[in-house]
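Novice: The structure's right below; bear with me while I get my questions together.
The values are calculated or read from the model by the stated rules, or taken from the named source; none is laboratory data. Just so we're clear, the structure is a prediction, and the values are computed from it rather than from any experiment. Positions of Cβ are generated from backbone atoms using ideal geometry, with glycine treated the same way; all protein chains shown enter the neighbour counts.
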Amino acid sequence: MSVLDIRGILEYLPHRYPFLLVDRVEELVKGERIVALKNVTINEPFFVGHFPHLPVMPGVLVIEALAQTAGILSFETMGRKTNAQSVYYFVGIDNARFKRPVVPGDQLRMEVSIERVARSIWKYKAKATVEGSVAAQADLMCTLRDVEPPPNGPQA
């Protein structure tokens, strides 16, 4: 089991502010599961518009936080770190359910387990809770793809 602070997380995820949605990894068992935290504060940029009169973290960002957590688990399992030659993509979201709003002051606890890996497609069971109450859950699928390096010099 390993624990990662924000510096360790930044080695596994290419995301940066305002799109980095994982603050700490509490538990990680390679090839099996991960537990991570997201501290939700009123300073999140999405609260300005969602919703000014009743700030709620968009459900799609809760799912994204779960996917980022899954990415850390996969990179650790593969013994890799993020780099400019690859991207970890979403390829599917099934059975997504939202059970409770996530609001400023909440601590989102994200639990993700690997269900299977086949032909570079990773499938996970993912659940986000706040104080033991389920906020969201989904089955996620992601894949790691190599990308072309950017061309050197001007294009003709």
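Novice: Look through region 128-156, keep the residues that are within 22 Å of T41 (Cβ to Cβ) and not in a loop (DSSP other than H, G, I, E, B), and return whichever of them is nearest to the chain's Cα centre (by Cα).
Specialist: A128
Novice: Which of the numbered conditions does F46 fail, given that it passes all the others? Conditions: (1) in contact with a strand residue (DSSP E or B) (Cβ under 9 Å, 6 or more places away or on another chain); (2) modelled with pLDDT of 95 or more.
Specialist: Among (1) in contact with a strand residue (DSSP E or B) (Cβ under 9 Å, 6 or more places away or on another chain); (2) modelled with pLDDT of 95 or more, the lone unmet condition for F46 is (1).
Novice: The conditions are (1) closer than 16 Å to L140 by Cα; (2) at pLDDT below 95, and S86 fails exactly one of them. Which is it?
Specialist: If we test S86 against (1) closer than 16 Å to L140 by Cα; (2) at pLDDT below 95, just (1) comes out false.
Novice: Looking at (1) part of a loop (DSSP other than H, G, I, E, B); (2) farther than 25 Å from E131 by Cα; (3) basic (K, R), can you tell me which one R100 breaks?
Specialist: (2)
Novice: Name the single residue, out of those in region 28-84 being of a type in the set (D, E, K, R) and in a helix (DSSP H, G or I), that is nearest to the chain's Cα centre (by Cα).
Specialist: E64
Novice: Search region 71-96 for residues being more than 12 Å from A128 (Cα to Cα) and of a type in the set (A, V, I, L, M), and hand back the single one that is surrounded by the fewest Cβ atoms within 10 Å (Cβ to Cβ).
Specialist: Step by step, filter region 71-96, then rank; the result is A84.
Novice: So in region 1-27, with the set limited to residues that are touching a strand residue (DSSP E or B) at 6+ places or on another chain (Cβ under 8 Å) and in a loop (DSSP other than H, G, I, E, B), which one is surrounded by the fewest Cβ atoms within 10 Å (Cβ to Cβ)?
Specialist: Filtering first and then ranking leaves D5.
Novice: Still on this structure, please answer the following. Got at least one residue in region 28-39 being crowded, with 16+ Cβ neighbours inside 10 Å, charged (D, E, K, R) and within 21 Å of D146 (Cα to Cα)?
Specialist: Scanning region 28-39, I find no residue that is crowded, with 16+ Cβ neighbours inside 10 Å, charged (D, E, K, R) and within 21 Å of D146 (Cα to Cα), so the answer is no.
Novice: May I ask you to say which residue of A70, A118 is of a type in the set (A, V, I, L, M) and under 16 Å from L4 (Cβ atoms)?
Specialist: Result of the check over A70, A118: A70.
Novice: Determine whether Q137 is touching a Lys or Arg at 6+ places or on another chain (Cβ under 6 Å), closer than 23 Å to R24 by Cα, modelled with pLDDT of 95 or more and buried (at least 18 other Cβ atoms within 10 Å of the Cβ).
Specialist: Against the criterion (touching a Lys or Arg at 6+ places or on another chain (Cβ under 6 Å), closer than 23 Å to R24 by Cα, modelled with pLDDT of 95 or more and buried (at least 18 other Cβ atoms within 10 Å of the Cβ)), Q137 qualifies.
Novice: Report yes if I114 is among the aliphatic types (A, V, I, L, M), in a strand (DSSP E or B), touching a residue at least 12 places away in the same chain (Cβ under 8 Å) and farther than 21 Å from L28 by Cβ, otherwise no.
Specialist: no
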